[in-house]
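J.: Let me give you the structure first, and then I'll get to my questions.
Nothing in this text is a laboratory measurement; each read-out follows from the coordinates by a stated rule. In this text the structure is predicted, and so the values were computed from the model without any measurement. In this analysis, Cβ positions are derived from the backbone assuming ideal geometry, glycine residues included, and neighbour counts consider all displayed protein chains.
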Amino acid sequence: MAEEIDAGIDKQKILAEIGAGAPLPGAAGTAFPPPQARAAPAADLPQAASPPPRPSSPGRLARHRRQIAAMVMVSVSLLWFGVGLATRGWAPFAVGGAFLGLAILVGVGTLLREFP
């Protein structure tokens, strides 16, 4: 099938046309632009006085990421519990219970970090 597509194309002619494009800089017959004046070395330049970088404080979402994760996990567990009720199967209840258990662990871990 590929032979049918390429039947009327002269590949050598196409490659020659591609190669005959604009000459590359530095190729034979082309001149480089004249060198420009060099800038002064960095050691000779005066140092700019800049204040040291401030340590950035975490944003509002970054400070509460564990609480957000726990709320998302509780929402997912409620969703799985709903699927379990709708299908009357035990597997969605188990998945929902796992998410709820992990959400409780995240919440307890957050409380233990904040109030040692």
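J.: Along the Cα-to-Cβ line of T110, 7 Å from the Cα, sits a label point; which residues in region 52-78 have backbone N less than 12 Å from it?
T.: 61-75
J.: Count the net charge of all other residues whose Cβ sits under 13 Å from the Cβ of G109, scoring Lys and Arg as +1 and Asp and Glu as -1.
T.: +2
J.: While we're here: Which value in nm describes the separation of the simple spin-label points at A49 and I68, placed 7 Å from the Cα toward the beta carbon?
T.: 4.0
J.: Output wanted: per-residue J couplings in Hz (rounded whole) for region 13-19, from phi through Karplus 6.51 cos²θ - 1.76 cosθ + 1.60, θ = phi - 60°, x for Gly and Pro.
T.: Values, residue by residue: 5, 5, 5, 5, 5, 5, x Hz.
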